[in-house]
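Visitor: My questions will all concern the structure given below.
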Amino acid sequence: MDATDHLKASLEAAVALANATGAESNQGRAREALDQATVEAVLRLTTNQPLSIDEVAVGEFATGGEQIYRALVLLAEEETDAAASALNALLASTRAAPMLRRHPESAWHLHFASEGVSVATGWLAEFGTAAAMLLGSDELDRLRSCAAGRCDNIFLDATRNHRQRFCSTACQNRTKVAAFRSRGTQT
Ligand SMILES: [Zn+2]
Ligand SMILES: [Zn+2]
């Protein structure tokens, strides 16, 4: 994993947390309250270090995740100035600061958690940094909103031709079925 891959993984995690906390509907279902298992699944996208996520941390992730969601939606809508303000606010409130770290059996890599902040704040600092690095990068036009009904997820287009319209195959299939049904009723 190189330095860029590390931040890409954090960006994937940031998007997952944003959807879990900010999107009103995920893939056709109303969003559920954030819980410990979801936070851990999000963090597993970017770390294999041991995790300690308690109820307080879940609350912090919920608040920070909503902020990230709003910023990413603004970015996807090309409201770049407003997105930059929102991300700057998050970077300031989480006291994001680059610091090289090394865990047992890992190479040196950048962390963004300031000394003394909570576990959740440290992660939110990293997610905010990963989202902020989208600005001015080629990755930015890969960020978009899911085109399916009843899904407010944002996603990073992983296809070569930049044609992905849905956050997931679940949303793609649901949309196909809906289109097929509406054709059926017209005849
Ligand atoms: Zn690390
Ligand atoms: Zn979707």
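The values are calculated or read from the model by the stated rules, or taken from the named source; none is laboratory data. Because the structure is a prediction, the values reported are computed rather than measured. No Cβ is skipped: glycine too gets one built from the backbone with ideal geometry, and neighbour counts run over all protein chains shown. Side chains are part of the model used for accessible areas, which takes the heavy atoms of the whole protein and leaves out ligands, DNA and RNA. Shrake-Rupley method; radii C 1.70, N 1.55, O 1.52, S 1.80 Å.
Visitor: With the cut-off at 1.5 for a/c, could you classify segment 114-187 from its C-alpha gyration tensor as rounded, prolate or oblate?
Guide: Verdict is prolate for segment 114-187.
Visitor: Next question. Taking only protein heavy atoms and a 1.4 Å probe, what accessible area per residue, in Å², does segment 50-104 have with all protein chains in place? Provide the component values of the computation, followed by the final result.
Guide: Values: 3200 Å² over 55 residues.
Counting only protein heavy atoms, the per-residue value for segment 50-104 is 58 Å².
Visitor: While we're looking at this one, here's another question. With angles folded into 0 to 90 degrees, how steeply does helix 55-76 sit against the dominant principal axis of the chain? Use alpha carbons for both and round to 10.
Guide: 60 degrees
Visitor: If you don't mind, another one. How far, in nm, would the chain grow between E77 and A158 when pulled straight, counting 0.36 nm per residue and subtracting the alpha carbon separation?
Guide: Numbers: separation 81, 0.36 × 81 = 29.16 nm, distance 1.84 nm.
Full extension from E77 to A158 adds 27.3 nm.
Visitor: Within 13 Å, Cβ to Cβ, of I53, how many net charges do the neighbouring residues add up to if Lys/Arg are +1 and Asp/Glu are -1?
Guide: Around I53, the charge tally is -4.
Visitor: Just to confirm the filter: which trypsin sites (Lys or Arg not before Pro) across segment 1-106 are DSSP coil and have at most 11 other Cβ within 10 angstrom of their Cβ?
Guide: Details: sites: K8, R29, R31, R44, R70, R95, R101, R102; in loops: R31, R95, R102.
Those satisfying the criteria are R102.
Visitor: Could I ask something else about it? Give me the percent of accessible area attributable to carbon and sulfur for segment 14-66, probe 1.4 angstrom. All intermediate terms of the calculation are to be shown ahead of the outcome.
Guide: Working: 1260 of 2680 Å².
Looking at segment 14-66 in its full context, I get 47 percent from C and S.
Visitor: Related question: Okay, helix-only estimate at 222 nm for the chain: each DSSP H run of n ≥ 4 adds -39500 (n - 2.57), divide by all residues, round to 500 deg cm²/dmol; what do you get? Intermediate results must be reported in sequence, preceding the final value.
Guide: Working: 6 runs with 97 residues, N = 187.
Taken over the chain, the calculation gives -17000 deg cm²/dmol.
Visitor: Quick one: work out Rg over Rh on the C-alpha atoms of the chain, Rh as Kirkwood radius.
Guide: On the way: Rg = 17.5 Å, Rh = 17.3 Å.
Rg/Rh for the chain comes to 1.01.
Visitor: Can I ask one more? Of the trypsin sites (Lys or Arg not before Pro) in segment 134-187, which ones lie in a loop per DSSP and count no more than 12 other C-beta atoms within 10 Å?
Guide: Numbers: sites: R142, R144, R150, R160, R163, R165, R174, K176, R181, R183; in loops: R150, R160, R163, R165.
Those satisfying the criteria are R160, R163.
Visitor: So how far apart, in nm, are the two label points at D5 and L51 if each is 7 Å from Cα heading toward Cβ?
Guide: Calculated label separation equals 2.1 nm.
Visitor: Which residue fluctuates the most in the chain, going by a Gaussian network model with Cα springs under 10 Å, if the choices are D81, D141, D35?
Guide: D81
Visitor: Compute the angle between helix 119-132 and the longest alpha-carbon principal axis of the chain, please, reported from 0 to 90 degrees and rounded to the nearest 10.
Guide: Once rounded, one gets 60 degrees.
Visitor: Here's another thing I want to ask about it. I want the local charge near C171. Using Cβ-Cβ distances under 12 Å, sum +1 for each Lys or Arg and -1 for each Asp or Glu among the other residues. The partial results should precede the final answer.
Guide: Values: positive: R29, R150, R165, R174, K176; negative: D152.
Charge balance in the 12 Å sphere: +4.
Visitor: May I pose another question? Where does helix 3-22 land angle-wise versus the long Cα axis of the chain, in degrees 0 to 90, nearest 10?
Guide: Computed tilt is about 60 degrees.
Visitor: Another one. What residue among V117, V15, V73 has the largest mean-square fluctuation in a Gaussian network model of the chain, using Cα springs under 10 Å?
Guide: Comparing V117, V15, V73 in the GNM, the peak value goes to V117.
Visitor: In a Gaussian network model over the chain where Cα atoms closer than 10 Å are linked, find which of L124, L100, L135 has the largest mean-square fluctuation.
Guide: Result: L100 has the largest fluctuation of those listed.
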